[in-house]
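Data block below; observations after.
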Number of protein chains: 2
Amino acid sequence: MPKDGSINRSRILDAAQRLVIENGFAATSVDQVIREAGTSKGAFFHHFDSKLDLGRALTERYVAADIGQLHWAMEATAEVTDPAERAVAFVRCFEDAADEIMSAQSSCLYIAVLTERQLVSNGTADLITHAIETWRADIAALIRAAADERGLDLDADALADHVFVTFEGAFLLSRSTGKPEHMRAQLRVLRRMLAASLGVED
Amino acid sequence: MPKDGSINRSRILDAAQRLVIENGFAATSVDQVIREAGTSKGAFFHHFDSKLDLGRALTERYVAADIGQLHWAMEATAEVTDPAERAVAFVRCFEDAADEIMSAQSSCLYIAVLTERQLVSNGTADLITHAIETWRADIAALIRAAADERGLDLDADALADHVFVTFEGAFLLSRSTGKPEHMRAQLRVLRRMLAASLGVED
DNA sequence: TGTTAAACAGACTGAACGGTCTGTTTGTAT
DNA sequence: ATACAAACAGACCGTTCAGTCTGTTTAACA
């Protein structure tokens with residue numbers, strides 16, 4: 001048996017993720033990735049069939065981490081029994097973590113992937129859609145419960161999707177202005193608007 | 001004097017805009033653009049110094065149209081005297097126009113531009129930031145007036161930015177899922193949350 | 001300790017890229 | 001008519017790209 005290739009594979013993915021988020025997918029070359037990862041062409045094409053396959057693998061890993069964050073915030077607010085209050089607390093989780101998130105990554109991989117037509121039409125975007133639907137299902141369940149309890153009439157699915165929308169929109173706003181603090185501000189706006197919509201006072 | 005080059009220049013910009021929004025900037029080649037525009041390399045580099053210069057020109061034109069839409073919606077709601085109600089009506093303008101917007105363009109040029117590092121660091125992103133700030137100023141003025149009248153404590157600038165955030169986030173949501181109807185749904189969510197925040201009843 | 005197959009290195013290739021250059025067309029002003 | 005400069009066409013060039021190919025290294029197991 002040979003040596004463990006997963007370490008090198010991870011290094012390639014790490015380097016590629018940084019480069020793709022910063023420069024875009026098409027603007028990132030395989031040579032750049034292997035240079036940054038300190039490896040070779042042979043290693044790269046041993047682990048990935050093609051550059052598009054790298055994009056898919058990159059997205060797969062990113063989606064898993066993304067869904068991990070969803071579950072983390074859900075568990076962190078499990079103690080809050082009232083669903084409306086929990087929904088607000090859920091958003092507050094990310095608001096509190098916003099600065100940390102933005103220092104770890106200046107933008108989001110999803111934006112780079114969804115920009116590239118090749119990745120959208122080869123099924124990589126479907127992985128992102130799966131993440132979106134997972135977030136939607138969990139959050140909409142909270143919102144539906146809150147709406148039932150409080151007799152509110154609202155589109156739970158669309159409201160749930162607005163969390164994703166706020167994240168991605170705020171990433172773009174931060175990227176354009178060069179001000180990462182927009183993420184925190186936008187999550188705060190979302191939380192306060194959500195609280196107002198669900199009738200939760202601050 | 002020679003013939004009018006602005007027609008050809010516009011055709012190049014039109015073709016480039018479609019291709020860049022659909023495929024991304026780096027993934028769009030100059031040859032593709034001139035083929036689609038039915039012109040030549042000579043014409044292209046007569047009108048634009050480089051591919052990056054095309055990106056800048058593309059963004060300049062797009063920003064002008066974007067600010068045009070802002071002004072259109074402001075004028076269309078000029079009759080509404082109450083600032084809070086006008087802010088809600090302003091969002092409703094775009095909600096009503098959502099399907100039309102999405103059939104004209106499946107995504108937003110800003111996303112493609114902000115994905116590309118070269119365009120962010122060469123100043124093209126600053127043009128987008130100018131659009132963002134123009135929207136912010138106009139909308140925040142409405143919100144501040146509404147907040148004053150109704151004694152509300154809220155971050156008018158961040159709330160105003162959330163319109164941009166919702167647009168861009170919804171573009172990405174639509175792009176990933178392949179469902180343009182998300183734009184309308186997200187603008188509806190924004191309108192209803194904004195109404196709840198400002199104390200405007202539907 | 002020799003065998004084996006995965007892991008890796010790096011020179012190489014053909015195609016595609018952005019950009020250049022030379023020459024031709026176009027319309028207007030004289 | 002002719003001069004002229006902007007508008008345009010397309011062959012061409014050096015570079016970079018994704019991907020290939022040949023050979024070497026690595027570590028578990030017989």
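Scan the stretch B:99-120 for residues that are in contact (Cβ under 8 Å) with a residue 60 or more places away in the chain, charged (D, E, K, R) and surrounded by fewer than 17 Cβ atoms within 10 Å (Cβ to Cβ) and jot them down.
Matches in the stretch B:99-120: B:ASP99 only.
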(message) Tell me yes or no: at least one residue of the stretch A:166-184 is β-branched (Val, Ile, Thr) and more than 7 Å from chain B (Cβ to nearest Cβ).
(response) no
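Would you mind listing the helices (runs of 4 or more DSSP H) fully within the stretch B:26-98 where at least 3 residues are surrounded by fewer than 19 Cβ atoms within 10 Å (Cβ to Cβ) and more than 14 Å from DNA strand D (Cβ to nearest atom)? Explain how you work it out, then say what you get.
Numbers: elements: B:30-37, B:41-47, B:51-76.
Qualifying helices (runs of 4 or more DSSP H): B:51-76.
Test A:ALA104 against the criterion of being closer than 29 Å to A:GLY55 by Cα, within 12 Å of another protein chain (Cβ to nearest Cβ) and of a type in the set (A, V, I, L, M), and give yes or no.
Taking the combined requirement at face value, the residue does not satisfy it.
Taking B:GLY55 as the residue in question, decide whether it is in contact with a Ser or Thr (Cβ under 6 Å, 6 or more places away or on another chain), within 12 Å of DNA strand C (Cβ to nearest atom) and at pLDDT 95 or above.
Numbers: in contact with a Ser or Thr (Cβ under 6 Å, 6 or more places away or on another chain): yes; within 12 Å of DNA strand C (Cβ to nearest atom): yes; at pLDDT 95 or above: yes.
Considered against the rule, which asks whether it is in contact with a Ser or Thr (Cβ under 6 Å, 6 or more places away or on another chain), within 12 Å of DNA strand C (Cβ to nearest atom) and at pLDDT 95 or above, B:GLY55 comes out as yes.
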(message) If B:LEU187 meets every condition in (1) surrounded by 20 or more Cβ atoms within 10 Å (Cβ to Cβ); (2) more than 8 Å from chain A (Cβ to nearest Cβ); (3) farther than 30 Å from A:THR134 by Cα apart from one, which number is that one?
(response) (3)
(request) Give just the number: which of (1) over 15 Å from the mean Cα position of the chain (by Cα); (2) in contact (Cβ under 8 Å) with a residue 40 or more places away in the chain; (3) more than 14 Å from every other protein chain (Cβ to nearest Cβ) does A:GLU60 not satisfy? (result) (1)
(message) Looking only at the stretch B:121-176, count every residue that is within 18 Å of the chain's Cα centre (by Cα), touching a residue at least 40 places away in the same chain (Cβ under 8 Å) and assigned to a helix (DSSP H, G or I) and tell me the total.
(response) 16
(request) Test B:ALA15 against the criterion of being within 14 Å of DNA strand D (Cβ to nearest atom), outside any helix (DSSP H, G or I), of a type outside the set (Asp, Glu) and not assigned by TED's automatic domain parsing to the domain that holds B:TRP135, and give yes or no. (result) no
(message) With the requirement that a residue be hydrophobic (A, V, I, L, M, F, W, C) and touching a Leu at 6+ places or on another chain (Cβ under 8 Å), what does the stretch B:111-126 give you?
(response) B:ILE111, B:VAL113, B:LEU114, B:LEU119, B:VAL120, B:ALA125
(request) Only residues that are within 12 Å of chain A (Cβ to nearest Cβ) and of a type in the set (Ser, Thr, Tyr): list them for the stretch B:116-156, please. (result) B:SER121, B:THR124, B:THR129
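Conditions tested, residue by residue: (1) within 12 Å of chain B (Cβ to nearest Cβ); (2) away from DNA strand C (no atom under 16 Å from the Cβ); (3) basic (Lys, Arg).
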position	(1), (2), (3)
A:ASP4	no, no, no
A:GLN32	yes, no, no
A:PHE44	no, no, no
A:ARG86	no, yes, yes
(request) Collect the residues in the stretch B:6-23 that are away from DNA strand C (no atom under 11 Å from the Cβ) and either under 21 Å from A:ALA112 (Cβ atoms) or within 14 Å of another protein chain (Cβ to nearest Cβ) (or both), keeping them in residue-number order. (result) B:GLN17, B:ARG18, B:ILE21, B:GLU22
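The values are calculated or read from the model by the stated rules, or taken from the named source; none is laboratory data. Remember, it's a predicted structure, so these values are computed and weren't measured experimentally. FYI the Cβ positions are ideal-geometry reconstructions off the backbone, even for glycines, and counts take in every protein chain you see.
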